[in-house]
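Values in this text are rule-based calculations from the coordinates and carry no lab data. Note that the coordinates shown come from a computational prediction; the quantities given were computed from them, not determined experimentally. Ideal geometry is used to build each Cβ from the backbone, glycine not excepted, and the neighbour counts take in all protein chains shown.
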Amino acid sequence: MERSFSVKAVVVAIVVGFLMILGLLQYTGKQFGSPLLPFMAVLAGFIITGLLVGLLSKGETVVEPGVASIGVGLLFYFLVPTLKLHCFVQLDEAMVTTNLMLLILNGVMLTFVGAWVGEKLQGTYEGDKKSESTIEWGYIMAGSVLGVTMSMLLANLIIILAGAGSMEYLIIALLLGLGVTGFIIGLRSPGVTINEAIIGGMITVIINLDIFKITLDEQTTILGTGWIIITLVLGTVFSFIGGFIGERVQGHK
């Protein structure tokens, strides 16, 4: 029987998660001049958001953590900059915007981790019988690891062949890696696996953006809001295409 969407779990998770993030930010953001600890507090808030979704909703939760994390992320993105926190003083407006977007993307990813933990705790407390999983998380993780690895290898290869590096080359490498991620998930994961391909692709995008930001663009001179949006949109498309092709190949075996 198909489970229904749990509105209560999402609303409670958004309210509690955002209030926790807001409270932690109000304290750490005023006490510290660096955004490091406040950002860690925000990520913890996203994990708790997912944990609440997993505990409050019945069965396996996929849509609920996504909706809850987006809800918390939107509130965070539009309301937090108005607080004028001390931790953001050293960052200009462009850096704040980019860092907030990357923080939210990582928060979305960690919300699913929290939801998974919540599901496990729910099963422990309620003693529910194991139900057939609707999402193949093992293939998502395997595809994501492969996608990140392929992206990094292709980025190095393209830069070596081109004799120079730029954001465009890195995006090309990432998209090729995402195509491979979607294809492998679609090929190896049983049944219809478009959702797995897209989720695996999004995880690959977020990890690659984190790597680029930390290693090559610490001062946020290249990676701006536009590049993040372009990468997310194209990444979703390439992951979907790769997953679609992988499923078709699997179906003809």
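Which whole-number percent gives the relative contact order of the stretch 137-251, counting Cα pairs below 8 Å spaced six or more residues apart?
37
Whole number please: convex hull volume per residue, Cα atoms of the stretch 137-251, in Å³.
86
For the pair L74 and K30, what calculated FRET efficiency results from E = 1/(1 + (r/R0)^6), where r is the Cβ-Cβ distance and R0 = 30 Å, to the nearest 0.05?
In this case the efficiency is close to 0.80.
Work out the length of the dipole vector of the stretch 7-126 about its Cα centre, built from +1 on the beta-carbon of each Lys and Arg and -1 on the beta-carbon of each Asp and Glu, and round it to the nearest 20 debye.
So the magnitude is around 220 debye.
What number, in percent, do you get for the relative contact order of the stretch 7-126 if the mean sequence gap of Cα pairs under 8 Å and at least 6 apart is divided by its residue count?
Relative CO of the stretch 7-126 lands at 39 percent.
Can you give me the three principal axis dimensions of the stretch 7-126 from its C-alpha atoms, in Å, biggest first?
Cα extents, longest axis first: 47, 22, 19 Å.
Using Cβ contacts closer than 10 Å as the measure, can you line up L51, L24 from fewest to most? Before the final figure, lay out the partial values.
On the way: L51 23, L24 17.
Taking fewest neighbouring Cβ atoms as first place, the list is L24, L51.
How about the stretch 1-110: which GluC sites (Glu not before Pro) there lie in a loop by DSSP and see at most 14 other Cβ atoms within 10 Å?
Passing both the DSSP loop test and the Cβ count: E2.
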